[in-house]
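Heads up: the structure comes next, in structure tokens.
Just so it is clear, none of the values below were taken in a lab; they were calculated from the coordinates. Given the structure is predicted, the values throughout are model-derived calculations rather than measurements. Virtual Cβ from ideal backbone geometry, glycine too; neighbours counted across all protein chains shown.
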Amino acid sequence: MMMKVTVEETVEMYEEPETAEAPKQLNGADVFIKTLKQHQVEVVFGYPGGAVLPIYDALHKNPIRHILARHEQGAIHAAEGYARVSGKVGVVIATSGPGATNVVTGIADAMMDSIPLVVFTGQVATTVIGTDAFQEADIIGITQPITKHNYQVKDVADFPRIINEAFHIASTGRPGPVVVDIPKNMATSIFVTNEDYTNEVNLPGYQPTTTPNFLQIQKAAKAISKANQPLILAGAGVLFAKASDQLAEFAEKYQIPITNTLLGLGGIEGNHPLFLGMAGMHGTYTANMAIQTCDLLINVGARFDDRLTGNLAHFAPNAKVIHIDIDPAEIGKNVHTEIPIVADAKEALTALLEQNAPNGNTAAWLESLHVNQEQFPLFYEASEERGLLPQQVLQLVHEYTNGDAVVTTDVGQHQMWTAQYYKFNQPHNWVTSGGLGTMGFGFPAAIGAQIAKPNAKVVSIVGDAGFQMTLQELSLLQEMRIPVKVIILNNQALGMVRQWQETFHEERYSQSLMPIQPDFVKLAEAYDIKGYKIETYEEAKVQLKEALASDEPVLIDCRVVQKESVFPMVAPGKGLHEMIGVKAE
């Protein structure tokens, strides 16, 4: 006999039983974007390609601002500029093979100059790694010596942990680049979770020391109170620690003069009465002689590199050395240190201020340094017959921007002249390639800096040779109307190479002169950018003022004297006291 079933019973038979919430399914690329957002990443610099297509598809569905550079080198240098100015981690995406190898220079540059980057590279699928697959390159092996750490994702479940650790490592301790290599099948594999993952990091083997040892602080305070000729050498560590205020307070309290490394410029106001200028190969006479005659050298966040010290056998011969650095590997590496302090620069300076040690007697020392500043200033010989000099251009740039601009450079003569003649009023406005010395760095770095500080005046001082290495990024100025001011100090030469050939190779200018140049004004116009050509000082006074006042991107081709050299100079193998090109007033 057939059973009668009611409508209600029929509905109940076909209803799905109540179950727990179905797990959320995301692929690796989705998790990648979600984790970046958890780290509050505001902008990514990159260039797509086959191995990163799943990531770019996820980026399309869940957008983060993306800057499409015209070359991967442009992307990573822009990320460096962004990180240097903002203090945030710069994020880069490049595809596998040539995309990844195109960012290697930027990775090495960031490692040398302690710039926090996380660089995500695409990779071929794990199933074909090691088979010389299309666009395969061993980026882990290539970058191991030039990163703080690197990863290859081998399990999609590791995505959140690896990205969290990468950001933590890049931004803590001594900052630096971290590479995360992402095989394509890891980006497409399904990641299943019932819970939101966190940004927690557990790295027991990586615990940077930030708090100074109290006994070492006491030793330093005692040495400071006894010194009659103390000197502060302030490096980029002051800027990374955001310790400029503490540095100024410390120097003023104990009346100690300050010199900067190249990368430390901006850590103290350029016109501060205790500031002696930059030290090193092209530093001021006063700064270098202060190092040679001081009885206590207080290094705060600098690494005693060769361009600073000159011949180590002659470096600071009379000084006891206090070295404050967050990276213990730098202390004692090049210069013997009596009082090492492993710590964050801000915490160390704060601790020293709290000691409230008695002042040493520095009045006579300061007076002698001020006499040196007056007698041996930076100098150049200008005349209408000689033509436009790069120093004149830079002094005008400083005047018209009041020392408040964000300034970027490549490497070479223009870099040194900028360091000498542009006086920064505030920290985090100086972006240059110091340790690696990378041509082509300055212009894309300026783009990243402008994105980090959209309301700032950003000026990129470049040479005619270096600019031609990354000028394709003019497309970004055109597309986004990024108001960077590009000033080319055009001497139709590889300027520093030419200077060394003149000074040390009897004027044999082997492959350093570039008499055939593009028309940079027409080049700018091809990108719908206003271009200027300046050949005289009178033209410079008018046109630079107009160009720097513009709210639009501009390019200024300054035709400067080819045979002008950067002085003073410490020749290779010489001590800081053996400077050439010093002229007494």
Given 504, 474, 517, which one lies farthest toward the positive end of the charge dipole of region 453-522, if we put +1 on the Cβ of every Lys and Arg and -1 on the Cβ of every Asp and Glu? 474
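Can you tell me the equivalent ellipsoid semi-axes for region 453-508? Use √(5λ) from the Cα gyration tensor, largest first, whole Å.
32, 12, 7
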Base-10 log of normalised Debye intensity for region 284-335 (one unit scatterer per alpha-carbon) at q = 0.19, 0.27, 0.29 Å⁻¹: -0.62, -1.21, -1.34
Could you sort 40-53, 537-550, 109-122 so that the peptide with the highest average Cβ count within 10 Å comes first and the rest follow in order? 109-122, 40-53, 537-550
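Take every DSSP beta bridge with both residues inside the chain and express the antiparallel ones as a percent of the total, to the nearest 5.
Working: 7 of 71 bridges.
Percentage antiparallel, nearest 5: 10.
Work the Kirkwood hydrodynamic radius out for region 42-111: mean of 1/r over every pair of different alpha-carbon atoms, inverted, in Å.
12.2
Calculated FRET efficiency, residue 192 and residue 101, Cβ-Cβ r, R0 35 Å, to nearest 0.05? Walk me through the intermediate numbers first.
Numbers: r = 34 Å, r/R0 = 0.98.
Result of the calculation: an efficiency of 0.55.
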Against the rule of thumb 2.2 N^0.38 Å, how large the Cα Rg of region 182-256 comes out: 2.01
How large is Rg/Rh for region 231-320, to two decimals, with Cα atoms and a Kirkwood Rh? 0.93
Regarding region 120-217, what whole-number volume in Å³ per residue does the convex hull of its Cα atoms give? 122
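Please sort 505-518, 466-479, 360-373, 252-265 by packing, taking for each peptide the average over its residues of neighbouring beta carbons within 10 angstrom, highest first. Mind dumping the intermediate values first?
Working: 505-518: 11.1, 466-479: 21.0, 360-373: 15.5, 252-265: 23.7.
In decreasing order of mean packing, 505-518, 466-479, 360-373, 252-265 become 252-265, 466-479, 360-373, 505-518.
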Cβ crowding within 10 Å averaged over residues, with 395-402, 446-453 ranked highest first: 446-453, 395-402
Take the alpha carbon atoms of region 289-375, find their radius of gyration, then divide it by 2.2 N^0.38 Å using N residues; give the quotient. 1.18
Rounded to one decimal in nm, the spacing of the 7 Å Cα→Cβ label points at residue 552 and residue 215 is 6.6
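Treating the beta-carbon of each Lys and Arg as +1 and of each Asp and Glu as -1, no other charges, what is the dipole magnitude of the chain about its Cα centre, to the nearest 20 debye? If you can, show how the numbers build up before the last one.
Details: 41 positive and 65 negative charges, 247 e Å.
Taking the Cα centre of the chain as origin, the dipole is about 1180 debye.
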Cα radius of gyration and Dmax for region 488-574 (Å): 16.0, 48
Put one equal scatterer on each alpha carbon of region 161-210, apply the Debye formula with no solvent term, and list log10 I(q)/I(0) at q = 0.22 1/Å to two decimals. -0.95
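Can you tell me the alpha carbon radius of gyration of the chain divided by the globular rule-of-thumb value 2.2 N^0.38 Å? Write out the running numbers ahead of the final one.
Details: Rg = 27.4 Å, N = 585, 2.2 N^0.38 = 24.8 Å.
After normalising by residue count via 2.2 N^0.38 Å, the value is 1.11.
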Helix-only estimate, please: 222 nm mean residue ellipticity of the chain, summing -39500 (n - 2.57) across DSSP H runs of length 4 or more and dividing by its residues, to the nearest 500. -11000 deg cm²/dmol
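If you place +1 on the Cβ of every Lys and Arg, -1 on the Cβ of every Asp and Glu, and leave all else neutral, what size is the dipole of region 123-162 about its Cα centre, to the nearest 20 Debye?
Details: 3 positive and 5 negative charges, 45 e Å.
So the magnitude is around 220 debye.
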